[in-house]
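Q: Shown below is the structure under consideration.
The values are calculated or read from the model by the stated rules, or taken from the named source; none is laboratory data. Since this is a predicted model, take the numbers as computed values, not measurements. FYI the Cβ positions are ideal-geometry reconstructions off the backbone, even for glycines, and counts take in every protein chain you see.
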Amino acid sequence: MKALLRWVLLVLIAGLAVQLYFVGRIALMALLDPQSTAFQRSEIYRVVTEHGSLKWRQQWVPYPELSDNLKRAVIVSEDATFIEHEGVDLESLEKAWEKNTQAEQRAEKAASRLGSKVAPAGSGKAAKPPKIVGGSTITQQLAKNLFLSGERTLMRKGQELVLTLMLEALLSKQRILEIYLNNVEWGEGVFGAEAAAQHYFRKPASKLSAYEAARLAVMLPRPKYFETRPGSGYLASRASTIATRMGGVEVP
């Protein structure tokens, strides 16, 4: 029994040490720009492993030099209540949960109908997997990208929430948005607003128009997909919608 209690105590101490490490890392970010994120390091490994070489575009731009158009567009597209919430938007999470549940139910029905029919041999027909949507805030996305792996487990999600609360407690909204915009992925090896603005529009991030900023914001959930589909009708239509909503958005 004593051995078990000793192991439990060691696990708790180790867990506390990890959290204190994260607190220290985040506190330093109030003064120092992060050099890389966990997601970026995993992408470097993947690209080098698959292609044997690395094309990397990233340049840190201070918050005042980032276009307000881009700040507004990303808030409208990714996290409409960014200014108000304290890291987690419970209403968005609830809506995402409902949509995902409905999508899974539709996928199960489709699979059931497909299973009840005899598909021709070699037809390759299969039920489409459900489209999963997220309810993560900008702060949650930053927490995940900075520190965590891409696996989806209950423990990782719990750590993401803890890190989100740490970010909100130790950093200002302005600093959170600054770090996010300078590190988020916008294509294969394209990270941060400056690299994205130069890659797609051949101009600095400070000069992005409302529509250009909206196009970049719409790309964020699937940047590699939209990078290869610049003529996407959805991208253009959604960007126009975002651009019309940006006027009344407050930026930190």
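Q: Does ARG41 satisfy being of a type in the set (D, E, K, R) and surrounded by 12 or more Cβ atoms within 10 Å (Cβ to Cβ)? It would help to see each step written out before you state the result.
A: Numbers: of a type in the set (D, E, K, R): yes; surrounded by 12 or more Cβ atoms within 10 Å (Cβ to Cβ): no.
So ARG41 fails the test.
Yes or no, residue by residue, for (1) in a helix (DSSP H, G or I); (2) in the same structural domain as GLU78 (by TED's automatic domain parsing); (3) hydrophobic (A, V, I, L, M, F, W, C):
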{"position": "LEU142", "(1), (2), (3)": "yes, no, yes"}
{"position": "THR164", "(1), (2), (3)": "yes, no, no"}
{"position": "ALA217", "(1), (2), (3)": "yes, yes, yes"}
{"position": "PRO221", "(1), (2), (3)": "no, yes, no"}
{"position": "TYR225", "(1), (2), (3)": "yes, yes, no"}
{"position": "GLY231", "(1), (2), (3)": "no, yes, no"}
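Q: Also: Within segment 1-58, can you find the residues that are touching a strand residue (DSSP E or B) at 6+ places or on another chain (Cβ under 7 Å) and either assigned to a loop (DSSP other than H, G, I, E, B) or not assigned by TED's automatic domain parsing to the domain that holds TYR200 (or both)?
A: Residue satisfying the conditions is GLN58 alone.
Q: Does GLU250 satisfy being within 20 Å of the chain's Cα centre (by Cα) and acidic (Asp, Glu)? Walk me through it before giving the result.
A: On the way: within 20 Å of the chain's Cα centre (by Cα): no; acidic (Asp, Glu): yes.
It is false that GLU250 is within 20 Å of the chain's Cα centre (by Cα) and acidic (Asp, Glu).
Q: Now, a different point. Checking the conditions here, which among GLU168, GLU84 is at pLDDT 85 or above, part of a loop (DSSP other than H, G, I, E, B) and under 29 Å from LEU28 (Cβ atoms)? Explain how you work it out, then say what you get.
A: Values: GLU168 fails: part of a loop (DSSP other than H, G, I, E, B).
Of GLU168, GLU84, the one residue that is at pLDDT 85 or above, part of a loop (DSSP other than H, G, I, E, B) and under 29 Å from LEU28 (Cβ atoms) is GLU84.
Q: If you don't mind, another one. Inside segment 160-178, can you point out the residues that are polar (S, T, N, Q) and touching a Ser or Thr at 6+ places or on another chain (Cβ under 6 Å)? Quick ask: steps written out before the conclusion?
A: Just the residues of segment 160-178 that are polar (S, T, N, Q), to begin with: 164, 172, 174.
THR164, the sole residue that qualifies.
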